[in-house]
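Here is the structure we will look at.
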Ligand SMILES: NC(=O)C1=CN([C@@H]2O[C@H](COP(=O)(O)OP(=O)(O)OC[C@H]3O[C@@H](n4cnc5c(N)ncnc54)[C@H](OP(=O)(O)O)[C@@H]3O)[C@@H](O)[C@H]2O)C=CC1
Ligand SMILES: O=C(O)[C@@H]1CCC=N1
């Protein structure tokens, strides 16, 4: 499959990393910044250019990987050269009706990926325009499967929903890991030791949650010996509203996705 990424930033790099690990794809990147093209060529053997190709064809897959605020301008430039290529948009917020209007084509699949795609452990939510064929859906899914788990969403609003869990979620997890590293350093470990302890603890806890038949809350309670150390830590988290804040933050994230859709999908 020939796959062209427009925008070679963080998220495109992560998906290209997943595709390169899988192998067998021809990957081209259109990116303003030459240093990003050089890096993607060195890391993953992707070809690159700073301007759009003169013509795509119906066999091409074009992945729109620029910031949502840059998408309208890109789509308007892309419309005359698209020639019926399948478009996959990974932009947060921007709705199919706007993309269709700007591109003059409805052969579009929206995808909400996440950055662990880079190591093949991504999660991607997909939703296709009604005009996209079964083969188009299959092609989009094949691209994203190289990056990890794929989930088809029941409606387009599902893209806003999944953004606040898996799309933005890696940042929440990194935030928690950062906090654990900070605690480790405060307790007297070196930064490197604290990092290793935090990562290994996350790894182990995730694997246990995956393999255990018990609910996650029960696994947590199993760590909390009565009158012991963990109980004290969780009591502080609860008193400070940590869980409530994480849930509220995720809802703010979803609201922002909807708001961006309203703000940026109008013209
Ligand atoms: N980062 C993430 O975890 C996730 C991001 N997304 C979505 O992915 C998209 C990209 O995000 P991210 O990778 O973080 O953003 P980045 O800013 O890292 O990457 C976008 C890149 O595209 C370049 N660019 C913009 N317009 C053009 C153009 N017309 N032609 C060529 N290159 C262009 C930008 O260059 P310049 O800066 O010079 O304009 C920039 O290098 C966003 O729409 C975001 O919503 C979705 C899920 C997760
Ligand atoms: O923060 C953002 O807007 C993008 C979308 C999901 C993750 N990063």
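So the values come out like this:
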| read-out | value |
| --- | --- |
| Rounded to whole Å, sorted largest first: equivalent-ellipsoid semi-axes of region 2-157, Cα gyration tensor | 21, 19, 14 |
| Percent antiparallel among DSSP beta bridges (both partners in the chain, rounded to 5) | 15 |
| For the chain, calculated [θ]222 nm from helices alone, where every DSSP H run of n ≥ 4 adds -39500 (n - 2.57) | -17000 deg cm²/dmol |
| Relative contact order [Cα under 8 Å, 6+ residues apart], the chain, whole percent | 16 |
| For q = 0.26 Å⁻¹, Debye-computed log10 I/I(0) when each Cα of region 169-256 counts as one equal scatterer | -1.37 |
| Proportion of all alpha-carbon pairs of the chain beyond 26 Å (%) | 48 |
| Choice from 214, 78, 52 showing the highest fluctuation, given a GNM over the chain with Cα pairs closer than 10 Å | 214 |
| Order of 137, 210 under a 10 Å beta carbon neighbour criterion, fewest first | 210, 137 |
| Extension gain from residue 73 to residue 201, taking 0.36 nm per residue of separation minus the Cα-Cα distance | 41.6 nm |
| Nearest 10 degrees, 0 to 90: helix 134-145 Cα axis against the chain principal axis | 40 |
| Per-peptide average of other Cβ atoms within 10 Å, ordering 102-112, 38-48 highest first | 102-112, 38-48 |
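Every number in this text was worked out from the coordinates using simple rules, so none of it is lab data. Quick caveat: nothing in here was measured; it's all calculated off a predicted structure. All Cβ positions, even for glycine, are placed from backbone atoms using ideal geometry, and neighbour counts span all protein chains on display.
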